[in-house]
1. Hey, got the Cα dimensions of the range 1-152 along the principal axes, in Å, largest first?
2. Cross-link candidates for Lys303: which lysines have Cα within less than 20 Å, leaving aside residues fewer than 8 places away along the same chain?
3. Using a simple charge model, +1 on the beta-carbon of Lys and Arg, -1 on the beta-carbon of Asp and Glu, nothing else, what dipole does the chain show about its Cα centre, in debye to the nearest 20?
4. Strictly greater than 18 Å: what percent of every Cα pair in the range 1-59 meets that?
5. If you count only protein heavy atoms with a 1.4 Å probe, what accessible area per residue comes out for the chain, rounded to a whole Å²?
6. Please turn the phi angles of the range 129-139 into ³J(HN,Hα) values with the Karplus equation 6.51 cos²θ - 1.76 cosθ + 1.60 (θ = phi - 60°), one per residue in order, whole Hz, x for glycine and proline.
7. What aspartates and glutamates could a cross-link reach from Lys193, if we take a straight Cα to Cα line under 13 Å and drop same-chain neighbours fewer than 8 places away?
8. What percentage of the solvent-accessible surface of the chain, computed with a 1.4 Å probe over protein heavy atoms, is contributed by carbon and sulfur atoms?
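The values are calculated or read from the model by the stated rules, or taken from the named source; none is laboratory data. For clarity, every value in this text was computed on a predicted model and none was experimentally measured. Every residue, glycine as well, gets a Cβ built from its backbone with ideal geometry; the counts of neighbours run over all protein chains shown. The accessibility values were calculated without ligands, DNA or RNA, using every heavy atom of the protein model including side chains. Shrake-Rupley method; radii C 1.70, N 1.55, O 1.52, S 1.80 Å.
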Amino acid sequence: MWIFGWKGASGFSATSTAEQVTQGIDGTALTAIVTGASSGIGAETARVLALRGVYVIMAVRNVEAGTKIKETILKENPSAKVEVMQIDLSSMASVRKFASEYISSGRPLNILINNAAVAIPPFTLSEDNIELQFATNHVGHFLLTDLLLETMKNTAQESNHEGRIVIVSSVGHRHGYQEGIRFDKINDQSGYKKFLAYGQSKLANILHANELARRLKEDGVNITANSLHPGAIATNIARHDSILDGFVSIFCKYVLKNHQQGAATTCYVALHPQVKGISGQYFMDSNLAKPDKVATDAELGKKLWDFSLRLINPN
């Protein structure tokens, strides 16, 4: 059980913090994008990467909230290199605008951390007419990764430093719809169950990482792609469910991970030398772990890839 802090093969456990798993690592030559960096584990991920010298771009929906986090980081660490850029992962137009601005800046990109997520809202369609959790948690990040991949490839080649794509999933991927990905029913309101739809989007995260890893390896590119479960954490992700949010706020803070522990696996996979060369894997508690069997279905991963391409290129 995680609360006992049992260490895995990496030497870290569920109680390890993001600072502990990156202790002694020098990231001064690296540039990273962290989506959803204005709160929760995204904010802590940005803080710790900046602490290790990484140039961090905080990709956030709420620029005001992101700027406050940036100011907090700079107050603690005046030499931190942090920048805030606006993105709404539920909007393809916003994702394209962000990617275009980033590419135009000419900055390198070593690490892409797809962290932002929306959880268990009532049935809602995005502005692109895609169910909101699938649109934000998977499609937005799929598009962002696709648009920035060339920049990452160029950076990896020019810097001779392994690029890393880190996709934050959840153990919730085990609790989705029976058919895994409901390709023909993504927008089926009558069959919508918010918890199952969340599980579907998190399953898509792992399938995306695995298929991306396969393609990168096939192309001989020095970039890895991995997914992870950050742990059960008391964040504001349950804000769309008032009962669950209240339960988390009052009771679960005593047994759930804090933000420092919740960001650990993300920071470990993004920076630690132990992860060098590892791709297409799933991590939990800063150790390799096994996802649900459906998440390792290569054919399902390829089908999702093609489906996602059609969603981001409808014409």
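1. Its Cα atoms span 44, 40, 30 Å along the three principal axes.
2. Cross-link targets: Lys185, Lys202, Lys217, Lys293.
3. 440 debye
4. 42 percent
5. About 44 Å² of surface per residue is accessible.
6. 6, 10, 3, 4, 5, 5, 5, 7, 6, 10, 4
7. Excluding near neighbours in sequence, the set is Glu131, Asp241.
8. Summing carbon and sulfur atoms, their accessible area is 52 percent of the total for the chain.
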